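Below is one structure, written out as structure tokens; the observations come after it.
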């Protein structure tokens, strides 16, 4: 389907857009997209799966015809169980072939609702409620997994569920382990169906519903905005997802013979769209690299072996993944199949890009996207100039604008080149608003532009640079953490008057959560006590703060709101000061806002010693926050 020219500059994107998206004759639905690829190359490999990630195992492999058949069977099973257009099936699964059957089969029969299986049961139940789901797909009981325990714990709180289907991991084991495990295990509880057995009874050659899926029909819900007990569900239409796959593939250029490795979770738009639907629209093969993906230590340890064995041409990750892969020797492996890798979800330190490319010879492409935009909005052009530290050019048919807003968030004007403002998006891939109407206040500016909450600037060539966030989200290794969750937990402590959570820079995770605490007059509490309290009261492990810093007073604005920029600057200064103390005790760090960079750490040295200057630069190279070294005469 990719007949457009290679993207090297913004002018190439504008040339592509001279043909309107409506004239591209795109498929009306994700089901039709996969059906077209299956018709074009029925016997080509579409989906492969490795269970362990050792690099030696034989993969489970499905052709495009077989994948379409499984998706059709799944859609028909859901339809028989009562799923209809406008109603949702929720899934709580790791990365499995059945997860793909559920996603695309669910979209063909109704709406699919993706849920992070790492969430606590109360949050999972709330997302099922919010989506008004009557069906749930999850894991059957299996050694080393806890999903069934979570579902069991909340079944009584989900009376609306008409059926639960369980994917049995034992079916993916080789014999004789498969039979041995099944023989010693209790049968599934009453009312719970085996996923594979259920879909096997359904036809694979047609949709029993006879449904005519329209582009504007809602295909999926993805939750976003942290997990504070008030989930935001972002609905995507079939048109959103198909346009996203088409636009993304104008950048990635997936084609038959390519293999895309999926290590990011399939409850997230990146795993579903980038190393999923985009590969399918290009006729490429998707390699599901273990149920846990990048969280599987065996996969990471054998990563380059897996790349060589399966001739992987592309993978996508977040900065923490690349930092981890830097520690895995790649020498001696044939990596010639790799074209490039994509990094998004959090700012990538420029030095980390340089080190990774030097070590592997692989081109690393930085991009940007968010759930509300169905996935990607910007990317550095693989065929053009890459500007490390930027998120690249806007993608075709994805409008991106930097807008200057007033203190109330109202539109004032479009930003001038290199002027910082709010990054806003619109176009065929952008959703129409959250499922819950109460979440849609003030998300649109200047008409139909969605305000991402990120701050950025656009240079004269159209390259976009993130400079910070107007939202307060903490991004830990690509995982969004809402500071409100941390603050609410700390406010339950009897000695705490005020608490404010921000992110502190971290070389591996990009950011880690920390909390500043102002104690009540006369009250006493140690930082260790506050951290212990936080760990006991915060339901999400990733959100537990790494430090609790007690200060005299939380800084506030003129109207009494917590002024978090001052705290973020202080957190950066503390981290940098600590990192540099071993080099020289008299190094001083001050952090302030910067017109170009958003925030800048000024590092003041006691001398002009070139060795010290070089050592400081090397020590801070792994952090994403920019710094400037100022030697004293």
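The values are calculated or read from the model by the stated rules, or taken from the named source; none is laboratory data. The structure presented is a predicted model; accordingly, all values stated were derived computationally and were not measured. Neighbour counts run over all protein chains shown; Cβ positions are idealised from the backbone, glycine included.
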Query raised in the report: Has the stretch 528-546 got at least one residue that is more than 27 Å from the chain's Cα centre (by Cα) and not in a helix (DSSP H, G or I)?
Result: no
Report summary line: Given (1) at pLDDT below 95; (2) part of a loop (DSSP other than H, G, I, E, B), residue 85 misses just (1)
Report summary line: Taking the stretch 458-481 and keeping residues under 29 Å from residue 12 (Cβ atoms) and at pLDDT 80 or above leaves 458, 459, 460, 461, 462, 463, 464, 465, 466, 467
Query raised in the report: If we keep just the residues of the stretch 594-633 that are under 13 Å from residue 468 (Cβ atoms) and exposed (fewer than 14 other Cβ atoms within 10 Å of the Cβ), which is nearest to the chain's Cα centre (by Cα)?
Result: 596
Query raised in the report: Are any residues in the stretch 474-500 within 30 Å of residue 263 (Cβ to Cβ) and in a strand (DSSP E or B), and if so, which ones?
Result: 474, 475, 476, 479, 480, 481
**Report entry** Residues satisfying the stated conditions in the stretch 215-244, i.e. out of contact with any helix residue (DSSP H, G or I) (no Cβ under 7 Å at 6 or more places or on another chain) and at pLDDT 95 or above
**Finding:** 218, 221, 235, 236, 237, 239, 240
Report task. Test residue 30 against the stated conditions and say whether it is touching a residue at least 60 places away in the same chain (Cβ under 8 Å), assigned by TED's automatic domain parsing to the domain that holds residue 105 and closer than 17 Å to residue 72 by Cβ. Result -> yes
Report task. Would you check if residue 5 is within 29 Å of residue 216 (Cα to Cα), surrounded by fewer than 16 Cβ atoms within 10 Å (Cβ to Cβ) and not assigned by TED's automatic domain parsing to the domain that holds residue 248? Result -> yes
Query raised in the report: Would you call residue 156 assigned to a helix (DSSP H, G or I), assigned by TED's automatic domain parsing to the domain that holds residue 76 and crowded, with 16+ Cβ neighbours inside 10 Å?
Result: no
Query raised in the report: Is there a residue being modelled with pLDDT of 95 or more, in the same structural domain as residue 209 (by TED's automatic domain parsing), buried (at least 18 other Cβ atoms within 10 Å of the Cβ) and part of a strand (DSSP E or B) anywhere in the stretch 66-73?
Result: no
